[in-house]
Amino acid sequence: MTAYEPRGAQGAADAGQDVVYDAVVLAGGAARRLGGVDKPGVQVGGRALLDRVLAACADARTTVVVADPRPTARPVTWAREDPPGGGPLAALDAGLRHTTAEHVVVLSADLPFLDERTVRRLLAALRTGGADGVLITDAGGRDQPLVAAYRAPVLRRRLAALALGQEGPAGPEGAGLTGLPLRRLTGALDLTRVPDPVASFDCDTWDDIATARARIREHGHVLDEWISAVKDELGIDLEVDTKVLLDLARDAAHGVARPAAPLTTFLVGYAAARAGEGQGGPEAVAEASRKAAALALRWAEEAAAAKSDAAPDATPDTRPDAG
């Protein structure tokens, strides 16, 4: 797979920054094509697929995961359809009962490349348009209704009508939403479609898992993936300018010594954490990095000056502590 950023995607994501929303993540499927393994718990880049999806909707007001409870990197509300395994519409209905926002993002738990920008882009399109929902389409142009943002009141009305059998037959033996496919819901909605072959990539087979694991180690992705994984592992929710830190590491390694690079960046992080009585943010990291980089450059300048001042035939320093 290759990276894909739709034209105008960043601007659209920015437009969605102030949209209040809830998220419903469906994570209770049987994963038959994976041999019944616990798919949300399968790791890609050292992080469970479910945790990767939760990171993409981290700024949701309420995040509901429809599945049996398990440890997650972020706090969530748990829900379960009745009976368990009742299918996507029953699961969606169970999750929506815990939400109150006018906009809701609905996601599956097996999207390794979904990110916050994509979520915000969907919300921005939903807010500015008149449709009932905005969903992603995959590389083949197929709708992905579990990578989408919807107007919650519309979903509730449609689900209630389906449960009562007012929009076609109800579930088997009058079981309401149990067993009904998603298309029974989405087919009746006015939807806007946004193509995105990367965000729509889901992991249904072990080949898909292998593809995802390989992609995150590609040169253009590995650093961002690693930083995201570390932040999740350490419970850090801080956006910093990685270029600033990399430039600092380079300057420290070049102007002082190679081991100075990791030690200096550690000290910068420690200093930023202490700034403002523990309230240091991206600005504190940037300021500490600037100071440390300036110091590293002064060291490099002194070393260069010392070399240029030494005569080619100068007598070596014989003091006991020399060298």
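Worth pointing out:
- Taking the listed residues LEU246, LEU263, the one that is without any contact (Cβ under 8 Å) to a residue 12 or more places away in the chain, assigned to a helix (DSSP H, G or I), more than 22 Å from GLU302 (Cβ to Cβ) and not small (Gly, Ala, Ser) is LEU246, with no other qualifying.
- Failed criterion for ILE136 (all others in (1) surrounded by fewer than 19 Cβ atoms within 10 Å (Cβ to Cβ); (2) of a type in the set (Val, Ile, Thr); (3) within 22 Å of VAL20 (Cβ to Cβ); (4) under 25 Å from the mean Cα position of the chain (by Cα) hold): (1)
- When residues of the range 214-261 are limited to those that are surrounded by 14 or more Cβ atoms within 10 Å (Cβ to Cβ) and of a type in the set (Val, Ile, Thr), the one farthest from ALA48 (Cα to Cα): VAL256
- Picking from residues in the range 55-78 that are out of contact with any Asp or Glu (no Cβ under 9 Å at 6 or more places or on another chain) and open to solvent by less than 10 Å² (accessible area, probe 1.4 Å), the one that is modelled with the lowest pLDDT is ALA67.
- Filter result for ALA124 (in contact with a His (Cβ under 9 Å, 6 or more places away or on another chain), open to solvent by less than 10 Å² (accessible area, probe 1.4 Å) and at negative phi): no
- Count of residues meeting criterion [in a loop (DSSP other than H, G, I, E, B), closer than 17 Å to ALA125 by Cα and in contact with a Pro (Cβ under 8 Å, 6 or more places away or on another chain)] in the range 176-201: 1
- Neighbours by Cβ (under 6 Å, 6+ apart or cross-chain): first from the range 114-132, farther than 16 Å from VAL24 by Cα and among the aliphatic types (A, V, I, L, M); second open to solvent by 10 Å² or more (accessible area, probe 1.4 Å) and in a helix (DSSP H, G or I): ALA124/ALA12; ALA124/ALA15
- Candidates ALA286, ALA271, ALA293 - the one that is open to solvent by less than 40 Å² (accessible area, probe 1.4 Å), of a type in the set (A, V, I, L, M) and more than 18 Å from LEU223 (Cβ to Cβ): ALA293
- With respect to the conditions (1) at pLDDT below 90; (2) surrounded by fewer than 15 Cβ atoms within 10 Å (Cβ to Cβ), TRP206 lacks only one, and its number is (1).
- Close pairs from the range 18-37: first hydroxyl-bearing (Ser, Thr, Tyr), partner open to solvent by 10 Å² or more (accessible area, probe 1.4 Å), Cβ under 7 Å, at least 6 apart: TYR21/ALA60; TYR21/ARG61; TYR21/HIS103
The values are calculated or read from the model by the stated rules, or taken from the named source; none is laboratory data. Keep in mind the model is a prediction, meaning the values are calculated, not measured. Quick reminder, even Gly has a Cβ in these numbers, built from the backbone with ideal geometry, and neighbours come from all protein chains shown. Please note that ligands, DNA and RNA were not included when accessible areas were found on the heavy atoms of the full protein model with its side chains. Shrake-Rupley method; radii C 1.70, N 1.55, O 1.52, S 1.80 Å.
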